[in-house]
Structure formats: structure tokens, C-alpha cells
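Below: one structure, written as C-alpha cells.
The values are calculated or read from the model by the stated rules, or taken from the named source; none is laboratory data. Because the structure is a prediction, the values reported are computed rather than measured. We place every Cβ from the backbone using ideal geometry, glycine too, and count neighbours over all the protein chains shown. The accessibility values were calculated without ligands, DNA or RNA, using every heavy atom of the protein model including side chains. Shrake-Rupley method; radii C 1.70, N 1.55, O 1.52, S 1.80 Å.
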Amino acid sequence: MEISKTYDPSQLEKKWYAYWSEKGYFTPKPDQTRKPFTVLIPPPNVTGALHMGHVLNNTLQDVIVRYHRMCGEPTLWLPGVDHAGIATQNVVEKQLATQDKTRHEIGREELVSLIWKWKAEKGDRIIEQLKQLGCSCDWSRLCFTMDEKLTRAVKEVFVSLYNDGLIYKGKYIINWCPRCVTALANDEVEHADEQGKLWYFRYPHQDGKGFVTIATTRPETMLGDTAVAVNPKDERYKDLIGKQLILPLTDRTIPVIADDYVDTQFGTGCVKVTPAHDPNDFEIGGRHNLQQILVMDEHGVMNENAPEQFRGLDRYACREKILQLMQEQGLLEKTDSHALAVGHCYRCDTVIEPYLSDQWFVRMKPLSEAAIQVVENGGVRFQPERWTKVYMHWMNNIRDWCISRQIWWGHRIPAYYCEACGKMLVAMEMPSSCPDCKHTAFRQDEDVLDTWFSSWLWPFSTMGWPEETDDLKYFLPTSTLITAPEIIYLWVARMIMSTLHFKGMIPFETVLLHGTVRDEQGRKMSKSLGNSPDPIDIIETVGADALRFSMVFSTPKGADVIYTDAILETGRNFANKIWNAYRFIMLNAETIKGLPAKEELQLELADKWIYSRLNEVAAEASAHYLNLRLNDAAQVLFKFIWDEFCSWYIELSKDRLYNVEPDSGPAKAALTDKYILLDVMQSAMRLLHPIMPYITEELWQGIRTHFPMPEESVMIAEFPIADAKLIDQAIADEMAFMQESIVAVRNLRKQVNLPPATEISVHVRLAEARQQSLFNRYESYFRKLAKVSELKAEVGLTKPPASLSAVVRNIEIFLPLSGLIDLNQEKERLTKQLAKLEGELASVQRKLANDSFVSNAKPEVVERERQRLAEVSTKVELTRNQIADLD
RNA sequence: GGGUGCUUAGCUCAGUUGGGAGAGCGCUUGCUUUACACGCAAGUGGUCAGCGGUUCAAGUCCGUUAGCACCCACCA
């Protein structure tokens with residue numbers, strides 16, 4: 001059998017994914033006697049291509065899903081894709097633009113059908129990429145937010161909330177993107193600090209006596225001013241209130257009004273009021289019954305309500321013209337620079353315009369109360385816990401949610417207007433006749449719903465709600481939601497509200513929030529910066545397992561991941577290490593025929609030790625997976641496999657494996673060794689499978705040809721359960737003693753740069769008789785791992801002349817090396833060591849001499865210090881003697 | 001303007017009820033040792049941001065200062 005020297009994932013990943021898929025392992029088998037484990041995928045955008053953020057998010061999900069599946073729980077990872085309203089429409093509109101067409105030219109129906117066509121052709125890319133990553137989603141349940149099933153849920157929810165008075169239509173100032181020509185929710189607006197300007201304008205008194213100076217950052221909106229406001233407490237302007245001002249560049253006059261909102265400290269203390277173009281002014285306007293004059297159209301172009309000379313000008317062109325005219329008329333008093341946070345469209349980065357329009361809203365306050373409670377009483381827990389505060393802050397200050405969007409791709413609002421009398425009806429289907437005028441023609445509301453209006457129903461819409469399906473009954477509430485903190489408001493909080501309202505239960509028990517993937521300079525990885533490697537390239541070169549392991553291994557809890565090539569190497573090297581351990585085991589398993597029964601094994605120290613460690617590690621890994629401390633799970637397994645299994649156990653096993661007599665058949669010891677190598681390796685593959693599914697399956701299947709196991713795949717094999725009986729501290733301590741001694745010998749060899757191949761003899765002065773048998777029995781460990789040809793270990797042994805020496809616990813190790821030793825150098829080394837030990841000794845002595853320590857500290861802590869004192873004193877004494885011997 | 005988090009080895013970061021400072025990468029030295037140079041072995045490296053407090057004991061708890069990051073917010 002040929003096994004290549006380096007691990008090559010390219011073929012085997014596809015092979016095993018297909019195998020799992022054929023076997024149907026991804027689809028859970030509900031068992032009413034067991035609690036299921038369910039994870040909802042944060043649905044990627046249909047336009048999405050896998051990026052490093054997806055890799056992190058979905059790897060974490062797959063790890064916990066695979067762990068729970070191996071624990072025998074009916075496990076469902078429910079996948080889906082989001083229709084991503086604006087983003088998707090933009091993609092297709094861009095394609096249209098290359099043909100010099102706009103959506104308005106081809107019309108709504110045509111555009112929507114083009115988008116569906118695009119979706120059919122390109123929309124499953126991200127799904128295929130998730131499969132490459134190894135995600136074990138139940139693809140038979142794959143959802144799309146625009147599916148018939150989910151669309152029905154959306155309509156049902158809309159109608160129900162409307163009937164309950166929780167959805168209303170109103171004229172409000174909203175965030176408007178003039179490029180996308182749509183309203184945006186607050187969360188879809190990104191603020192960026194910019195150095196802007198503050199212009200001071202003079203508005204003349206109608207009576208011709210002087211003027212009032214106001215400050216503005218958006219001069220173009222002055223054309224829609226309907227008042228100037230001052231603070232009623234402001235002594236400077238008391239007399240102004242009620243006076244009329246001439247609004248420059250227009251033929252209008254506007255009143256001076258008094259409103260508490262005005263900050264007397266800012267600007268001049270006088271504020272221009274533009275109710276149709278500013279949210280605060282809208283509020284002021286409401287209080288004072290001011291006229292709302294909309295001077296821009298939906299593209300940010302000045303409209304017919306602006307004076308003629310400005311009509312048709314873009315908002316910024318208009319601004320320039322106004323500044324120029326005001327300057328010419330001596331009405332521009334001064335210009336200051338001014339830092340302000342300007343809102344930008346999260347999709348196209350265009351500057352947002354606060355804009356007065358008809359929109360649909362959800363009243364959130366009534367929905368938020370139960371959602372606050374359920375987090376307060378621990379029904380839903382955030383991990384790390386600190387995000388709870390963020391959630392609470394938002395929920396306690398929640399505002400109504402603008403859910404209408406003026407685009408075409410999405411769920412169309414189920415509101416219908418009678419063509420005859422204009423009566424509005426909200427219903428699942430278009431009404432057949434108007435209840436008021438009996439007319440039969442209706443037109444549907446043109447707007448579609450915010451994309452989040454479908455994803456906030458995710459926990460139950462994906463399971464078939466409003467039907468009472470088996471899935472709903474069994475899998476809801478789900479177990480763990482894994483997502484990024486950025487969407488706590490947009491998605492997580494809203495799912496909690498909707499699920500409580502419509503199902504009367506929590507959507508999930510735990511929310512695990514992970515960080516962002518950043519580059520070496522700490523910048524968020526993004527397409528526009530070009531700093532994000534393509535995960536598919538990585539998967540194709542080093543494999544999904546290496547990528548997954550690297551991500552998990554270097555993921556601090558809840559903090560950001562700094563992605564570098566070095567991180568990726570950790571995973572790649574580890575995969576290669578495992579591969580080669582396997583290669584070694586398989587080559588020997590071929591040579592050594594037969595496999596003993598478990599009862600026939602002749603276990604020695606190293607064997608008992610590796611089983612002891614294996615069981616400890618199984619317990620630790622299990623706890624880490626369960627507590628979502630996945631980086632700890634990765635760390636523990638990495639250390640066990642690399643340091644303990646490969647560096648110590650496998651190295652020790654060689655002595656027994658190579659001691660095979662060709663004619664007389666394998667020795668008992670070799671058979672025992674073969675058994676344990678196979679057994680520990682297959683267990684390790686189970687432990688690691690959640691993180692590295694492909695390589696573990698490949699190797700586990702290979703091992704199975706020599707070591708029969710009941711399951712047919714590691715993916716559905718039982719996760720190892722720690723056997724407490726096999727965890728043996730005495731064995732662990734003996735092995736540690738041997739390891740420390742071997743390291744000491746290696747260290748001494750290094751002092752004089754002995755070539756690795758040179759064999760030497762080592763003398764050990766033991767302190768206790770019971771150490772004798774240990775060193776006699778396991779002399780071979782020294783032979784193999786420290787190239788020791790002769791080990792002489794006795795109590796009271798005489799120090800050989802001209803030897804290097806070291807202290808391990810209470811024994812002394814000597815390397816007789818006459819002629820090779822530089823006495824001064826050796827003395828210097830030992831003296832340095834002694835200084836270190838003496839420092840340690842002094843600190844322990846100080847502690848124990850302190851009465852308050854002895855009386856206040858826990859007894860076991862005091863006891864540990866006493867033992868330490870004894871150990872360190874011995875070492876100090878022995879080292880002192882060794883130095884004295886050199887003279 | 002509010003809020004949250006971070007500051008530990010050269011770099012990126014762990015450190016779970018307070019009790020002998022850790023990992024990966026890097027660096028130094030020596031190795032083609034029949035699983036692996038994507039490797040082996042032995043090492044170097046840290047007043048745990050500063051200051052103050054609680055405690056027998058503080059990287060860990062409290063206060064404070066400084067620097068950094070992110071989130072939220074309508075200051076014209």
C-alpha cells in the first residue's frame with residue numbers, strides 16, 4: 001500500500017462529502033425520546049460569494065453541529081439563502097446598465113423575472129461553496145426567503161400585525177437613498193465622520209430692520225424652510241418671536257418660533273426649520289403646525305416646489321448655486337469648518353437624504369417587552385455575556401421599524417387600493433370587491449418589504465409556519481445561534497420578538513457571537529479593499545480541514561480573528577502531521593500481522609499513560625465543544641496528538657515495533673503496540689472530526705481496515721466518552737518522571753554538542769529504592785529517546801569522574817564524558833541554575849514563614865507549598881554539591 | 001455626546017470561582033535519526049499599559065489615568 005509523504009486533500013474531500021451526502025447523514029432522524037440539537041444558519045445573501053467571514057461563521061456552526069450529531073442527538077442544521085433585496089436588484093440592474101437599459105425602461109415584471117433567472121443560474125454558488133467547506137447542513141430542507149412557503153409566512157405576519165394595529169402607514173422623515181431610490185432603515189445607514197462646513201446665512205427681517213443669522217450644513221434645504229426657531233429661554237432673541245423673516249432666494253416669508261429643542265450654545269442659537277427634510281425639524285414642525293415643503297424629488301433633484309432657477313438641479317449643484325447667490329447678495333456671513341457624521345447608504349455609499357414620504361412601519365414597543373424579559377430571565381443567553389447589555393440598550397430604546405422599500409425585488413406589501421374610491425385593504429390575496437363602493441378593480445401597493453422582514457421570521461417560517469408541521473413541533477425552539485454581533489439588532493433581536501409573538505416561545509437558547517476576520521493591519525476584510533483571500537483558493541491548495549482548523553484554533557472567544565498566512569500554516573502543518581502519524585501506523589500495521597483481543601494486551605507504562613491521557617483529553621474536548629469554547633478544543637487536541645501521541649508515544653512504540661523477528665512472527669509487545677496505535681489514533685480521529693471532518697474520515701476509514709469498528713463512518717460514530725477508571729494520576733506521574741529525566745539527558749548532551757547519533761552511557765543516582773524498578777524496566781525509553789547505550793541507576797551511586805550533571809526531582813543524572821568537558825563552562829551553567837533554584841526557595845520560605853499565609857490560605861495551598869519547599873531544598877542541595885564536586 | 005471592549009514573549013493572541021506566567025509563529029543552536037524539513041531535539045525571550053486600593057496572596061477583584069478599537073446617537 002502506497003501512502004504519499006505529504007497530505008493531499010484535493011481528491012479526498014470531494015469523495016467524502018459525496019459519501020456523507022449519499023448516506024443521508026445530513027438529515028436528522030427525529031426521535032421523540034431525545035431532545036434535538038438544532039442550528040439555524042444565518043442565511044447568506046443569494047448574491048454572496050464565500051468570504052473569510054462566512055468561513056469563520058460556518059466553520060463554528062459545523063463544528064458544534066458535528067459534535068452533537070456524534071453524541072447521538074438528532075441534529076438539524078437548517079440552511080437557507082436570503083433574497084437580499086437591494087443587493088440583488090443592484091446586481092441585475094448593473095447588468096442592465098451594460099446594455100444601456102434601466103429598470104424603469106423594462107418595467108417591474110420584466111426586472112423581477114430577470115432577477116429570478118439570475119438566481120436560477122448563479123444563486124447556488126454560495127451553497128456549493130459551503131459544501132466545499134464541509135458544512136453538514138440538511139440540504140433537503142434548504143430554504144430561500146422568497147420561496148412560496150416563506151412568502152406565505154411573510155404575508156400572514158404582515159396581515160396579522162396590521163390587524164392587531166402593530167403595522168401602520170404614515171408620512172415620516174426617513175433615510176432616503178437618492179441613488180437606490182428607496183427608503184432605508186436606520187440600521188442600513190452607515191455614519192462616517194467627515195470634515196464638513198457650517199455656513200452662516202442672514203435672513204432679513206420683513207420690516208427691513210436688520211437680519212437674523214442661522215447656521216446650516218445643508219444650504220439647499222433652505223428652499224424648504226418654513227420657520228426659524230429660537231429657544232424660548234434665550235434672552236437674545238426674546239423680541240424676535242412671532243416676527244416674520246424674508247426667506248432669501250424665494251418669495252416667501254417665514255415666522256420666528258420658539259422651541260425648546262434649540263440649543264442656545266450651538267451656532268447662533270437660531271435654527272432654520274425644514275420639516276420635510278430634517279427629522280428634528282419634522283418634529284418641530286409637528287409641534288408648531290408648520291407647512292412641510294418638499295423641495296427635492298426622489299433622486300435628490302430640486303423639484304417644482306423650489307423656485308424656478310433651482311428646479312432640475314442636483315442637490316449639490318443647487319447647494320453651490322445657493323452659496324454663490326447668497327454671497328453675491330451679502331447674505332453669507334461666514335463659513336466655518338465643522339465635523340459631522342454623515343449618513344451613507346450601506347449598499348452604494350451615497351449620502352443619505354432625510355426625506356418626507358409615505359412609509360409602512362411596525363410598532364416595536366409592544367413586541368419588545370416579552371423579548372426583554374426572556375433575556376433578563378435567562379431564557380435566551382448571549383455568549384460572551386457582555387452582548388446582553390448591547391441588546392438591552394437597543395431594546396429599551398427601540399423605535400418603530402420602517403419596513404417599506406421602494407424597490408421591486410422582494411415581498412410586495414399585501415395592501416390593495418380600490419381603483420374607484422381608493423380604500424385600502426390589507427389581505428393575503430387581492431380582494432374581489434370593495435366593501436365601500438363594490439368596485440372590483442384594485443391595485444397593489446408598489447412597495448416591497450425590507451429584506452429583514454422575511455429573515456426575522458426565520459426560526460419558524462423555515463419550518464413551515466403557519467402550518468403546525470412536525471418540524472415546528474420537534475425542532476423549535478432551536479439550540480444555538482452563531483452569528484456576528486453586527487446583526488444583533490437587525491436580526492437576532494427581531495427573531496426573538498417575532499418568535500415570541502407568533503409562536504409564544506424563544507427561537508433559540510444560546511446566541512454565540514464571534515468576531516470579525518481582519519487582515520494583518522487590523523482592517524476588516526472586504527471586497528473593496530481587496531485584502532480578503534478567496535477561501536476557495538485556500539481550500540483547493542491546503543484543504544478545507546486546514547482552513548477550518550486554523551480558523552478555530554486562532555479564534556479568541558468573541559474577539560476578532562487576525563488572519564495571516566502564518567495562521568493557515570498551523571492548520572496545514574497539523575493536517576500533515578496527522579497524515580504522517582497515520583502513515584507510520586499503517587505501514588507497521590501491514591507488516592505486523594494479526595490483532596490481539598483487548599484482554600490479551602500487555603500494557604506497559606507508556607500504554608497506560610497514553611490511555612490515561614486519551615481519556616482526560618476526551619473529557620476536556622467534550623466539555624469545550626459543549627461550552628462553545630472551540631479554540632480550547634482545538635488547542636487540547638493539537639497538543640495531545642502532536643506532543644503526546646506523536647512525540648512521545650509513537651517514538652516509544654518504535655522500539656517494540658521494530659523488534660519483530662521475521663520468522664517467529666510478531667512479538668506480543670509489538671501486537672500490543674499495534675493495537676494501541678490503531679485504537680488511540682481512531683479515537684483521536686473521532687475527537688477531532690468536528691473540526692477536521694475530511695482528514696479524520698479518510699484516516700478513520702483506513703484504520704478500520706485493520707481495527708474493526710461498529711460504525712460505518714466517523715461522521716456518525718460515537719464521540720468518545722471518557723472512562724474515569726483509565727485516568728491514572730500515578731501512571732501520569734511516573735511517565736512525567738521518565739520524560740523529565742529523558743529531557744535532562746538530552747539537555748546535557750546538547751551542552752557539549754554531542755551528535756544525535758552518538759550513543760553514551762548515563763549514570764543515575766537514585767534517592768529511593770522504589771525508583772529502581774522504574775528505571776530498570778524502562779531503560780529502553782532512554783535508549784530510544786536519548787540514545788543511551790547503558791543506563792546505570794542505583795541508590796547511592798558514585799559520581800563518575802569528569803561528568804556533566806543535572807538534578808531531576810530528587811535524583812541526579814550524570815553523563816561521564818572525560819575529555820569533553822569544559823569545567824568552567826559547566827560550573828557557570830550549574831551556578832546559573834542554582835541561582836534560579838535559590839530564588840525559588842527563598843520565595844517559598846518567605847511564604848511559609850508568614851503566619852497569616854499559613855493561617856489564612858486554604859490548607860491544600862499550604863500543603864502544596866510545603867511539598868514544594870521539600871522538593872526545591874533537595875534540588876538546591878544536590879546542585880550545590882555538584883558545583884562543589886567540580887573543584 | 002453616550003456605550004462596550006482591548007492593552008500579557010519580537011508578532012497574533014490564550015489565561016473559567018484570586019495561590020508556582022502559556023500557545024502558535026518568529027529567533028538561537030544542532031540534526032537528510034527508515035511517519036513527517038509542512039519535520040526532530042535543546043534553548044532564548046515577559047517590572048502581565050501606568051498609578052492607587054482590597055487581600056496572607058492580584059495578570060485575575062475595585063478605583064483611576066493614558067493609548068487603541070468598535071458600536072449607538074437627530075446637535076442645525
(message) Six or more apart or on different chains, Cβ atoms under 7 Å: show the pairs whose first residue is in segment A:850-874 and farther than 15 Å from residue A:839 by Cα and whose second is among the charged types (D, E, K, R) and near RNA strand B (Cβ under 8 Å from one of its atoms).
(response) A:853/A:847
(request) State which residue pairs qualify: first residue closer than 26 Å to residue A:491 by Cβ and inside segment A:25-41, second residue among the small types (Gly, Ala, Ser) and open to solvent by less than 20 Å² (accessible area, probe 1.4 Å) in any location, beta carbons under 7 Å apart, and separation of 6 or more residues or different chains. (result) A:26/A:136; A:37/A:479; A:38/A:479; A:39/A:479; A:41/A:80
(request) Among what's in segment A:567-610 and is within 15 Å of residue A:678 (Cα to Cα) and not in a helix (DSSP H, G or I), pick the residue that is most open to solvent (accessible area, probe 1.4 Å). (result) A:593
(message) So if I check each of A:251, A:297, which one is charged (D, E, K, R), away from RNA strand B (no atom under 15 Å from the Cβ) and free of Cβ contacts under 8 Å to residues at least 12 places away in the same chain?
(response) A:297
(message) Could you go through segment A:662-680 and let me know if any residue there is more than 13 Å from RNA strand B (Cβ to nearest atom), touching a helix residue (DSSP H, G or I) at 6+ places or on another chain (Cβ under 7 Å) and open to solvent by 10 Å² or more (accessible area, probe 1.4 Å).
(response) yes
(message) Which pairs turn up if I take residues in segment A:1-21 that are within 13 Å of RNA strand B (Cβ to nearest atom) and look for partners that are assigned to a loop (DSSP other than H, G, I, E, B) with beta carbon separation below 8 Å, at least 6 apart in sequence or on another chain?
(response) A:7/A:543; A:9/A:543; A:10/A:543
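Here is a yes/no grid of residues against (1) of a type in the set (D, E, K, R); (2) open to solvent by less than 30 Å² (accessible area, probe 1.4 Å); (3) touching a strand residue (DSSP E or B) at 6+ places or on another chain (Cβ under 7 Å):
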{"position": "A:706", "(1), (2), (3)": "no, no, no"}
{"position": "A:713", "(1), (2), (3)": "no, yes, no"}
{"position": "A:716", "(1), (2), (3)": "no, no, no"}
{"position": "A:719", "(1), (2), (3)": "no, yes, no"}
{"position": "A:759", "(1), (2), (3)": "yes, no, yes"}
(request) Keeping to segment A:718-764, report how many residues are part of a loop (DSSP other than H, G, I, E, B) and under 42 Å from the mean Cα position of the chain (by Cα). (result) 8
(request) Search segment A:177-212 for residues being within 10 Å of RNA strand B (Cβ to nearest atom) and within 30 Å of residue A:251 (Cα to Cα), and hand back the single one that is modelled with the lowest pLDDT. (result) A:196
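Could you look through segment A:107-121, keep only residues that are closer than 17 Å to residue A:147 by Cα and touching a residue at least 40 places away in the same chain (Cβ under 8 Å), and pick out the one that is most open to solvent (accessible area, probe 1.4 Å)?
Of all residues in segment A:107-121, those closer than 17 Å to residue A:147 by Cα come to A:112-121.
Checking which are touching a residue at least 40 places away in the same chain (Cβ under 8 Å) leaves us with A:112, A:115, A:119.
Numbers: A:112: 34, A:115: 0, A:119: 57 Å².
Filtering first and then ranking leaves A:119.
Going by the conditions given, is residue A:438 away from RNA strand B (no atom under 16 Å from the Cβ), in a helix (DSSP H, G or I) and surrounded by fewer than 16 Cβ atoms within 10 Å (Cβ to Cβ)?
Values: away from RNA strand B (no atom under 16 Å from the Cβ): yes; in a helix (DSSP H, G or I): no; surrounded by fewer than 16 Cβ atoms within 10 Å (Cβ to Cβ): yes.
Criteria not met by residue A:438.
Being more than 7 Å from RNA strand B (Cβ to nearest atom), within 30 Å of residue A:10 (Cβ to Cβ) and either at pLDDT below 90 or in a helix (DSSP H, G or I) (or both) narrows it down to one of A:614, A:547, so name that one. First the steps, then the outcome.
Details: A:614 fails: within 30 Å of residue A:10 (Cβ to Cβ).
Testing whether each residue is more than 7 Å from RNA strand B (Cβ to nearest atom), within 30 Å of residue A:10 (Cβ to Cβ) and either at pLDDT below 90 or in a helix (DSSP H, G or I) (or both) leaves just A:547.
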(request) Take residue A:68 and decide whether it is open to solvent by 30 Å² or more (accessible area, probe 1.4 Å) and at pLDDT 85 or above. (result) no
(request) Filter segment A:1-48 down to residues that are within 30 Å of residue A:473 (Cα to Cα) and among the small types (Gly, Ala, Ser) and give me whichever is farthest from the chain's Cα centre (by Cα). (result) A:24
